[in-house]
Amino acid sequence: MSNLSARTLLAEALEIDLAAIGDDAAMENFEAWTSVAHLRLILALEEKLGIELAPDDALAIQSLEDVARLLARPR
Amino acid sequence: MKREPWITGMPARLETERFIVRSMGPNDVTANYMKWIADPELMRNLNTLPFKQTPAEEAQRLKSYDNSSNFQFGAFVKPDNELIGFFQVRIDRRHKLAEVSVVIGNRDWWGRDAVLEARGAILDFLFDRLKLEKIWGMPQARNFAAIANYRKQGFRLEGVLRGHNESAYEKGKRLDFAVFSLLRPEWQARRDKAKAS
């Protein structure tokens, strides 16, 4: 569930199709993961979680897996 | 790209696929540039209040860069030489370090890897010509666009400086900063990988 949410958030931030987001999607290997896309992603994630991310959490986001992990974390 | 001759203290000129990246001088104080440095949205990322100086004063300030221990590079789009943003570089010769910061003023270039491309040329210059060993930057921890660019260029996060500066914009608020750095062997490895692919 959270993985689908993560994928959706990432696809929207990167403005690409959901199907284009592979399991290994990461900032390093994804051309569409631009600086502006990254900004959109973090803001969307904060909106979804209803919190301002702690610096360590925001700085750790570099992949789909990182986004999914944050969404799955108990709140 | 071809490497142009340069000696310490002279303006530097670098070239990438899309940009000329060169030391800025008094003649580069354009109306757009003056708008950017007076723009709170842009200056907020540097935690600097909007500049209030006149174009003449800013031209004078640009003259203070000695092209030896400090530089202000402009990124000019080829072939029209339109300035889209600038990089400030402060060098510590003793420890072979440089601190780099960036402002892309022309918003049409946001999200188009202008920072990666132009800063790539600056990194080559700092490592190859100035023989530096480490380049670092310190964006605000909530400057997510800048952070993405550091990550994508291979910079590593050294840590977070918590409550490190007083906010220039919100009274009583202290700001966190992230420290990113890139060492010579890391940059060389990226270049070798790019060449091989």
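The values are calculated or read from the model by the stated rules, or taken from the named source; none is laboratory data. Predicted, not measured: the structure shown is a model, and the values here were computed from it. No Cβ is skipped: glycine too gets one built from the backbone with ideal geometry, and neighbour counts run over all protein chains shown.
Within the range A:19-39, the set of residues being touching an Asp or Glu at 6+ places or on another chain (Cβ under 9 Å) and more than 11 Å from chain B (Cβ to nearest Cβ) comprises A:ASP23, A:ASP24, A:ALA25. From the list A:ILE51, A:ILE42, the lone residue that is surrounded by fewer than 19 Cβ atoms within 10 Å (Cβ to Cβ) and within 14 Å of another protein chain (Cβ to nearest Cβ) is A:ILE51. In the condition set (1) over 18 Å from B:GLU117 (Cβ atoms); (2) acidic (Asp, Glu); (3) modelled with pLDDT of 95 or more, B:GLU41 is compliant with all but (3). Taking the range B:103-144 as the range and being assigned to a helix (DSSP H, G or I), among the aliphatic types (A, V, I, L, M) and touching a residue at least 40 places away in the same chain (Cβ under 8 Å) as the test, the residues that pass are B:ALA114, B:ALA118, B:ALA121, B:ILE122, B:LEU123. Residues in the range B:125-152 that are within 26 Å of B:PRO11 (Cβ to Cβ) and either more than 13 Å from the chain's Cα centre (by Cα) or modelled with pLDDT under 95 (or both): B:PHE127, B:ASP128, B:ARG129, B:LEU130, B:LYS131, B:LEU132, B:GLU133, B:LYS134. When you look at A:GLU65, is it part of a helix (DSSP H, G or I), touching an Asp or Glu at 6+ places or on another chain (Cβ under 9 Å), surrounded by fewer than 19 Cβ atoms within 10 Å (Cβ to Cβ) and away from chain B (no Cβ under 13 Å), yes or no? When the stated conditions are applied, A:GLU65 passes them. The residues of the range B:35-71 that are surrounded by fewer than 18 Cβ atoms within 10 Å (Cβ to Cβ) and part of a strand (DSSP E or B) amount to a single one, B:ASN70.
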